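The values are calculated or read from the model by the stated rules, or taken from the named source; none is laboratory data. Keep in mind the model is a prediction, meaning the values are calculated, not measured. For neighbour counting, all protein chains shown are included, and Cβ atoms are generated from backbone atoms with ideal geometry for every residue, glycine included. Accessible surface areas use protein heavy atoms only, side chains included; no ligands, DNA or RNA. Shrake-Rupley method; radii C 1.70, N 1.55, O 1.52, S 1.80 Å.
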Amino acid sequence: MPEKDPEVSVCRIGVIGAGYWGPNLIRNFSHLPDAEVTIVCDLDQSRLDHVVSLFPSVSTSNDWREVVASEAVDAVCVATPVLLHYEMARAALEAGKHVFVEKPLTADVGQARDLVNIAEKNGLILLVDHTFVYSPAVNHVRDIVASGDLGDIYYVSMSRLNLGLFQKDINVVWDLAPHDLSILTYVLGTGPEAVAAQGNSNILKGIEDVAMVTLYFPGNVIAYVHVSWLDPSKVRKSTFVGSKKMLIYDDVEPLEKIKIYDKGVDGPAHYDTFGDFQFSYRYGDIYTPFLASTEPLQVECRHFLECINDGATPRSGGVEGLEVVQILEAACRSLRDGGGRVNIK
């Protein structure tokens with residue numbers, strides 16, 4: 001672990017949750033020169049013992065309220081199941097702590113809106129862990145779409161599939177879709193106007209383990225998000241189809257994560273007979289851009305500290321987290337109502 005510079009202002013971090021994602025937060029903040037993880041909380045003592053074996057200077061607790069109340073904490077990371085996010089994040093914000101919360105922000109829109117309001121009222125940073133918007137690949141896709149190189153976006157198709165990990169408190173939409181929803185709204189620069197979703201509960205009754213979410217964006221852009229805990233292969237692929245070119249972003253690919261295809265099709269401007277009706281197909285080169293090999297979570301943790309120090313608006317702040325929760329809530333309403341289209345307010 002690098003030595004801390006005594007001349008650098010250090011943000012003291014408390015982490016609630018040392019299970020699946022918490023250790024990644026502890027590791028990244030511990031390796032930043034302007035951050036120090038002072039206390040970690042978890043109900044499982046064996047997890048805390050493991051953290052101390054790696055970071056001996058960290059204090060531990062089995063009570064998350066000790067983290068929130070600690071005078072040795074400037075910011076709190078909430079890495080717990082989503083149903084606990086609201087209570088913990090709200091308590092931290094009301095105690096004057098900045099908050100970094102795992103996705104999704106909360107379990108419902110009302111809770112998310114409340115956290116956004118409290119953070120704004122108290123002048124605190126609320127950052128939601130939409131990790132992918134900090135990845136070099138997603139930011140490159142965003143730049144390409146914004147440049148108009150793909151032309152007008154016709155549609156986007158996204159798949160996030162694997163075998164497990166099954167959740168008992170939320171369905172696959174709440175578990176996996178936040179990644180793709182945050183990528184979509186970030187890359188396209190806008191949120192959807194409506195959503196429709198279909199899915200099925202195959203293993204646990206009442207908890208969908210496979211779903212297809214259709215999102216309707218302004219400008220006649222449509223996006224499909226396929227999520228599943230029941231697929232034999234791990235898939236993390238997005239396809240952006242434009243009027244000029246097409247792009248595939250495959251996060252599982254170790255090196256060539258983005259491929260741009262100079263391919264397309266043009267219909268006839270007009271035709272008088274069936275014989276005049278011909279499409280013009282274009283088959284061009286495939287281009288793979290160079291991408292920096294930077295861990296997105298490290299970029300995100302550094303961004304969180306920069307926002308605290310400079311008062312900047314987070315790239316994935318409470319407003320963006322609220323937007324994703326609004327989409328999730330509408331998608332699940334569609335699931336329960338037979339897959340009909342639901343407007344997002």
Take the alpha carbon atoms of segment 321-338, find their center, do the same for segment 169-199, and report the distance between the two centers in whole angstrom. 8 Å
Positive-pole candidate from GLN298, GLY151, ASN24, dipole of the chain, charges at beta carbon: GLY151
Under 5 Å, built H, 5+ apart or other chain: amide partners of GLU193: TYR216, PHE217
Whole-Hz ³J(HN,Hα) from phi, Karplus 6.51 cos²θ - 1.76 cosθ + 1.60, for segment 179-184, glycine and proline x: 4, 6, 5, 5, 5, 4
Not counting ligands, DNA or RNA, and with a 1.4 Å probe, what is ILE203's accessible surface area in Å² rounded to the nearest 10? 100 Å²
Considering only DSSP states other than H, G, I, E and B, which trypsin sites (Lys or Arg not before Pro) in segment 82-116 qualify as loop sites with at most 15 other Cβ atoms within 10 Å? none
Accessible area (Å², 1.4 Å probe, nearest 10) - MET88: 10 Å²
For segment 178-264, state which trypsin sites (Lys or Arg not before Pro) are in a DSSP loop and have at most 12 other beta carbons lying within 10 Å of their beta carbon. LYS205
Please determine, in degrees from 0 to 90 and to the nearest 10, the orientation of helix 85-94 with respect to the longest principal axis defined by the Cα atoms of the chain, where the helix direction is its Cα long axis. 60 degrees
Over segment 204-262, what relative contact order in percent results from Cα pairs under 8 Å that are six or more residues apart? 21 percent
Please give the Cα centre distance for segment 224-263 versus segment 23-62, rounded to the nearest Å. 35 Å
For segment 1-80, listing trypsin sites (Lys or Arg not before Pro) in a DSSP loop whose Cβ sees at most 14 other Cβ atoms within 10 Å gives LYS4
Heavy-atom accessible area per residue of the chain, all protein chains kept, 1.4 Å probe, expressed in Å², is 48 Å²
Would you please classify the overall shape of segment 103-170 from the alpha carbon gyration tensor, given that a ≥ b ≥ c denote the square roots of the eigenvalues, rounded means a/c under 1.5, and beyond that prolate means a/b larger than b/c while oblate covers the rest? oblate
Around ALA107, under 13 Å between beta carbons, what's the net of Lys plus Arg minus Asp minus Glu among the other residues? -4
Ellipsoid equivalent to the chain - semi-axes via the Cα gyration tensor, in Å: 39, 23, 19
For ASP337, what accessible area in Å² do you get when you roll a 1.4 Å probe over the heavy atoms of the protein chains, rounding to the nearest 10? 110 Å²
Considering only DSSP beta bridges where both residues belong to the chain, give the percentage that are antiparallel (nearest 5). 60 percent
Cross-link pairs beyond the 27 Å C-alpha cut-off, checked among LYS103/LYS168; LYS121/LYS237; LYS168/LYS257; LYS103/LYS205; LYS103/LYS234: LYS121/LYS237; LYS168/LYS257
Once amide hydrogens are built 1.01 Å from N within the peptide plane, the residues lying 5 or more places from SER59 or on another chain with amide H under 5 Å from its amide H are ILE39, VAL40
Given Cα pairs under 8 Å that are at least 6 residues apart, what percent is the relative contact order of the chain? 18 percent
If DNA, RNA and ligands are ignored and the probe is 1.4 Å, what is the ranking of SER157, SER30 by accessible area, most exposed first? SER157, SER30
